[in-house]
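S.K.: Okay, handing you the structure first.
The values are calculated or read from the model by the stated rules, or taken from the named source; none is laboratory data. In this text, all values refer to a predicted model and were calculated from it rather than measured experimentally. Glycine also receives a Cβ, built like all others from the backbone with ideal geometry; neighbour counts cover every protein chain displayed. Accessible surface areas use protein heavy atoms only, side chains included; no ligands, DNA or RNA. Shrake-Rupley method; radii C 1.70, N 1.55, O 1.52, S 1.80 Å.
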Amino acid sequence: MINSIILVAATRLLTALLLLFSIFMLLRGHNLPGGGFIGGLIGATGYVLYAIAQGAEATRRALRYEPQNIAMVGLGIALAAGVFAAFFGDAFFTGQWWFAGADPSDPDDKGLPISSVLVFDIGVYLVVFGSILTLVLALEEEV
Amino acid sequence: MAKTGAEVPRVYGGPAGWISVAIPAAIFAFMLQFVAPVAAGQPVLLGLDWVPSMDIRLSVLIDGLSLTFALLISGIGMLVTLYSTKYLGTHPEYPRFVLFLMLFMVGMLGLVLADNLIALFVFWEITTISSYLLIGFSSDEAKSRRSALQALLVTGTGGLALLAGMILLGNVAGSFELSVILQQGDAIRAHPLYVPIVILFLAGAFTKSAQFPFHFWLPNAMAAPTPVSAYLHSATMVKGGVYLMARMNPALGETDLWFWALVIAGGFTTVFASILAVRQTDIKQVLAYTTLMALGALTLFIGAGTADAIKGMMTFLVVHSLYKAALFLMIGIVDHETGTRDVDTLRGLGRKMPLTFLGGAIAALSMAGIPPLVGFIGKEFLYKAGLGLDTASLWVTGCIFAASALMFVAAGISVLRPFTGKLAPTPQAPHEGPWAMWIGPLLLGAFSLGFGLFPDTIEAWLVAPGTWAVYGDYGYSVDLYLFREVNAAFLLSLATFATGAVLYAVHRPMRDRLGRLFEANPIKFDPGWDRVLDGLKALAAWQTNILQSGVLQRYIFTIFLTLAVGIGATLWARDVLNFSVDWTGDLDGLLFKHWAVLIFITSGAILTALTSSRMTAIAALGVVGIGVALIFIMFSAPDVAITQLLVETLVVVLVAVAMLKLPHLGLAKDRGRRPVHAALAGTVGVLVTLVMVAVLQGDIDRRITDYFEVASWPEAYGRNIVNVILVDFRAIDTFGEIAVVVIAALAAYALLRGTRYGAPADKEEDRT
Amino acid sequence: MELLIAIMVGVLVAASVYLMLARNVLRFLFGLILISNAANLIIFASGRLTPESPPLIPAGADAPVELVANALPQALVLTAIVIGFGLFAFALTLVYRTYQNLGTLNSDEMRLAEPEETGK
């Protein structure tokens, strides 16, 4: 914990911004640089900054959930996204897609694509996010 | 029986017991449906692909041989599990016992039904392992543990040899399917690898079926609870080796090597074992050695290999399973109700335990080969086959005659003595066992009697189809009968009875004489085994002392030295360094930024290695990390570059946090070894560079990348190919990777939050 | 550039092997970080280096129009970086915990599980 008024004031804003940016990176990852790994890392960096400025305990309060639980939930989501394909007769981890509002006659109109792949990527995001915070917070509290 | 803990009240073993009886009963009923088609000469072949790319199929071959075994396994299994509900049903570890027994049964059924060699091997090993667990069931007794380990090591070593033999055979025959291999007998026998294949297969079969000189583990295996002895070490598992030899007979048999190996080993085992049988005083040990005798006889007649010999072998196989399981169950009841198995203590139990006596008596009469029991038929046809041999007829007939006469004595020792005469005091007051225990011997006895009176039934259902399968000729007409005429075999039978009766009359002085004789014999297998094991342990300790120094530095040194030698030798042997390097092409178009990054990384790495200040080291590491990220950016890997930068940031944060509590690096104390370390490090570095240059000189195979590029948008609807690979094409790999990340985080968390041990001063107390 | 990277990777590996041979486990840890970086670079450069054309498919096209960088090693390296971080973090906590319990960073003095054999 560092006693710097500027840092403490700035981290609230910075953490929020980084979190928002991480979700942006997660969602755009399928078509542009980004994705679950990068998103998760950025999100975790935001909270690591928060932890440096305000201490581990405040970070835990801000997180609301135990980071290791977040990681496990992420792993569960990723697994569920993979198993999901089995219900449609595909092999595990085969992507399933819906094109909400797409015009079937126009092959280029994909509407709003929603997919099990996105769910899988969200799982990856949560795993990376949760795992890193588990480590950093535990280490920070120990020291 | 282990007397660990209090007994648990269970009605017939509780649910575990009921299920354990129901499963073999259901399998037995299921297998019965195949009797009719198999008896008509129609083997059933079922299959399911398992690992198709490696020609491993879960295929099932049901012919006369496998069906006979399957019926024996499930039928006797049913009686044994029923018996166990009372024998062990209140034992605290009974559910575990049932689990092992069921595991064994599945393994044994798989072993005899599998049509694929690899599947057969897997089931073979399952029986080995479950046998180990069952022999060592009374794990609080050192003797049990020793016997279990001995059985595991002997049969396990044989199993390894068998695996090697199977792989050779599969390559020679071009298939691992038994149904294919068995058609290619002539090609296999003519192949140069035939001799090693036979030796390896026989190593597996002889260890499993306890043939001389691997016989010593089987009597020791009697440390297991009696139902296990009855089931595994008499009726089923030890016959696994016999099954294998019988099964492979059409493919590997009919050669001089096969003939003499089996005839000599089998004949020797059968005589040797029956002599040892009559010198025992523990009835269970008597039965153990008679089992060895039976296994030897079966081996002997598979080796003899004529149609008559195979017929005799199949008959004797069924006969022996019926009477020997009954006898083991009988001695189990006696042990359970009187507390002893000593032949000199037990007298006159017949009036106290009439039903047990009846079951045991029928089995003993069958073992002695007295008509009209099926044991008589079994012995008659063995004599007939032995007399009909062209070669070694005298040896085979002689061995089986000696063994049969001694069997007659063993039958007397194990039933006649304990049950007749005047009641003698025993540790517990004798009384009849519960129905679940005596029903087994009685039912088995009924079969022994029924098959003896109506030999056509056993002939049509089991012996004829089995003989066809083993002999490989479905045209051979099998005929079994109790008595037709007075011939040489019948006269031999009469001679057997006479000899047996005389020997029984003098068996007690003979036992003492034999005991002294064996004491004087310098070659002892069991202590010999201990010496072999001690030698192995000494060898292991010796090499552990050399390899496992416990010093991290030495481990790392060995690892990298091995790496350097391995890579260096490969590069040299393959002569891959013969290329001209195109430096000008490589340096073409290099800008200042490229040089800057290269110099940054190189100097950062060197600085990290040489500095004695940890802050400098961390900063230098940061330089390397950022430099690597720059390389990723310059060469079109934005995703990787972002990841690298973020991870680099987190590494620095973590190290900085940890450093607050860690000491300074200080100067290394081992200055003397530094030049050696530097030399090794330099060598590894140069070799890595050489390998990489060699790789870069070759052509790149972009097929997978091309596929991803073409399929990414049309099939996976993603324009960022890297991310599509991660979350779609190779999602299952990614899943594994994030699982690793979670595990690493949880492990670190547990380390930090877990119990904190004391300082080094009081660690001794923590360890005790 | 590939050949120069090959030489640089050689230096990285040599430095990390040298560090990993040290008795101080913290140096070992630094060597671990360096060798992960070296391994990632080997994979990346073996897929050949392509400047300024990331493996993205332009809007409106079904596949990359011109030659783009090899996406496969990039995917491999990306996960390798994250896993490498996990490994490093675990190793760091191990070192940290060990120091707290044993009071040393010298691997020769960490003999709780394999005590030095005496009397030999």
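S.K.: Enumerate the pairs (first residue in the range B:549-573 and within 14 Å of another protein chain (Cβ to nearest Cβ); second residue anywhere and of a type in the set (Ser, Thr, Tyr)) with beta-carbon separation below 7 Å, excluding pairs fewer than 6 apart on the same chain, so at least 6 apart or on different chains.
M.R.: B:Leu552/C:Ser107; B:Gln553/C:Ser107; B:Ala564/B:Thr683
S.K.: Continuing with this model, one more query. When you scan the range B:579-623, how many residues do you find that are assigned to a loop (DSSP other than H, G, I, E, B) and closer than 21 Å to C:Ser36 by Cβ?
M.R.: So the count comes out to 1.
Let's see how each residue does on (1) more than 7 Å from chain B (Cβ to nearest Cβ); (2) within 16 Å of the chain's Cα centre (by Cα); (3) over 21 Å from B:Thr643 (Cα atoms):
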residue	(1), (2), (3)
C:Gly31	yes, yes, no
C:Leu34	no, yes, no
C:Ile42	no, yes, no
C:Leu49	no, no, no
C:Ser53	no, no, no
C:Pro58	yes, no, yes
C:Pro73	yes, yes, no
C:Phe88	no, yes, no
C:Ala91	yes, yes, no
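S.K.: Under 9 Å between Cβ atoms, at least 6 apart or on separate chains: pull out the pairs that start in the range A:112-132 with a residue that is more than 18 Å from A:Phe24 (Cβ to Cβ) and more than 10 Å from every other protein chain (Cβ to nearest Cβ) and end on any residue that is modelled with pLDDT under 90 and surrounded by 24 or more Cβ atoms within 10 Å (Cβ to Cβ).
M.R.: Here the result reads none, with nothing in the range A:112-132 linked to a residue that is modelled with pLDDT under 90 and surrounded by 24 or more Cβ atoms within 10 Å (Cβ to Cβ).
Here is a yes/no grid of residues against (1) in the same structural domain as B:Val470 (by the TED database); (2) in a helix (DSSP H, G or I); (3) within 25 Å of B:Pro225 (Cβ to Cβ); (4) open to solvent by less than 10 Å² (accessible area, probe 1.4 Å):
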{"site": "B:Phe272", "(1), (2), (3), (4)": "yes, yes, no, no"}
{"site": "B:Leu276", "(1), (2), (3), (4)": "yes, yes, yes, no"}
{"site": "B:Val286", "(1), (2), (3), (4)": "yes, yes, yes, yes"}
{"site": "B:Tyr289", "(1), (2), (3), (4)": "yes, yes, yes, no"}
{"site": "B:Met293", "(1), (2), (3), (4)": "yes, yes, yes, yes"}
{"site": "B:Gly303", "(1), (2), (3), (4)": "yes, yes, no, yes"}
{"site": "B:Lys311", "(1), (2), (3), (4)": "yes, yes, no, no"}
{"site": "B:Met314", "(1), (2), (3), (4)": "yes, yes, no, yes"}
{"site": "B:Leu317", "(1), (2), (3), (4)": "yes, yes, yes, yes"}
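S.K.: Of B:Phe579, B:Phe592, which residue is more than 11 Å from chain C (Cβ to nearest Cβ), loosely packed, with under 12 Cβ neighbours inside 10 Å and touching a residue at least 40 places away in the same chain (Cβ under 8 Å)?
M.R.: B:Phe579
Okay, residues lined up against (1) under 32 Å from the mean Cα position of the chain (by Cα); (2) open to solvent by 10 Å² or more (accessible area, probe 1.4 Å):
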site: B:Phe401; (1), (2): no, yes
site: B:Val415; (1), (2): no, no
site: B:Asp456; (1), (2): no, yes
site: B:Val463; (1), (2): yes, no
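S.K.: For residues that are among the aliphatic types (A, V, I, L, M) and buried (at least 24 other Cβ atoms within 10 Å of the Cβ), tally how many sit in the range B:350-384.
M.R.: 9
S.K.: Something else about it: Kindly indicate which of B:Thr602, B:Thr584, B:Thr608 is surrounded by 19 or more Cβ atoms within 10 Å (Cβ to Cβ) and without any contact (Cβ under 8 Å) to a residue 12 or more places away in the chain.
M.R.: After applying the criteria, what remains is B:Thr602.
S.K.: Please determine whether any residue of the range A:25-45 is more than 8 Å from chain B (Cβ to nearest Cβ), open to solvent by 30 Å² or more (accessible area, probe 1.4 Å) and touching a Lys or Arg at 6+ places or on another chain (Cβ under 8 Å).
M.R.: no
S.K.: Return the total of residues in the range C:1-23 being surrounded by fewer than 23 Cβ atoms within 10 Å (Cβ to Cβ) and over 30 Å from B:Leu591 (Cα atoms).
M.R.: 1
S.K.: I want to confirm something. Restricting to the range C:93-109 and keeping residues that are open to solvent by less than 30 Å² (accessible area, probe 1.4 Å) and facing another protein chain (nearest Cβ under 7 Å), which single residue is nearest to the chain's Cα centre (by Cα)?
M.R.: C:Thr93
S.K.: Scan the range B:385-398 for residues that are within 14 Å of B:Ala297 (Cα to Cα), open to solvent by 10 Å² or more (accessible area, probe 1.4 Å) and not small (Gly, Ala, Ser) and report the count.
M.R.: Here the count works out to 2.
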